[in-house]
Structures are given as C-alpha cells and as structure tokens.
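The values are calculated or read from the model by the stated rules, or taken from the named source; none is laboratory data. Remember, predicted model here, so these are calculated numbers, not experimental data. Heavy atoms of the whole protein, side chains included, go into the accessibility calculation; ligands, DNA and RNA do not. Shrake-Rupley method; radii C 1.70, N 1.55, O 1.52, S 1.80 Å.
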Amino acid sequence: MDNLAKLKQAFIEVMKIDAERITDTLAYGECPEWDSLAHMALVAELENAFGLMLDTEDIIAMSSVAEIRRILGRQGVAV
C-alpha cells in the first residue's frame, strides 16, 4: 500500500467516510465527521500507519488533508 493509500485508509477507518471525499480540500470543521475526537483518533491512526510521533504543533496544524500531507512530508513521508 502506498503512502497516499495509507493516508486515505486512516480517514476511512476513523471517520467512516467514502474514499472519494478524501481530497486535499477536505478540512477540519467543514467535514461533519471530522470533530475533535475524530481528530485525535486520526492522529493515532496516522502515527501507527507511518511509524512516527507527531508533536503538538503538528497535531494542531492538521487542518486539512493538504496540510497533513505537508506535515507528513516534513517527517520524511512522501504522500
């Protein structure tokens, strides 16, 4: 499974949304399923999927799929 598929799978597992909805424009606060509890579950899912630990600043900055991809890129994960 490539990294983009892993990212999408994390959203699917946590938020139970269709893969077609998971685009760079999907954003926290604009997606009803992406609330604060889902956000923390998503962080845990991403950390497990990619074998990394995200710091508090990155967790707070994860406001959209595009931003998550940028943050993962800074961690050395090309998505």
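How large is Rg/Rh for the chain, to two decimals, with Cα atoms and a Kirkwood Rh?
0.90
Could you tell me which helices of the chain pass both thresholds, a Cα extent of 30 Å or more along their own axis and a mean Kyte-Doolittle hydropathy of at least 0.0, with helices taken as whole DSSP H runs?
Numbers: long enough: none.
Qualifying helices, which must be both long enough and hydrophobic enough, do not occur.
Given Cα pairs under 8 Å that are at least 6 residues apart, what percent is the relative contact order of the chain? All intermediate terms of the calculation are to be shown ahead of the outcome.
Values: 66 pairs, mean separation 27.6, N = 79.
Relative contact order for the chain comes out at 35 percent.
Quick one: pull the percent of accessible area on the chain belonging to carbon and sulfur, 1.4 Å probe, ligands and nucleic acids left out.
In the chain, the share of accessible area belonging to carbon and sulfur is 53 percent.
Give me the accessible area per residue for the chain, probe 1.4 Å, as a whole number in Å². Walk me through the intermediate numbers first.
On the way: 4540 Å² over 79 residues.
Value returned for the chain: 57 Å² of accessible area per residue.
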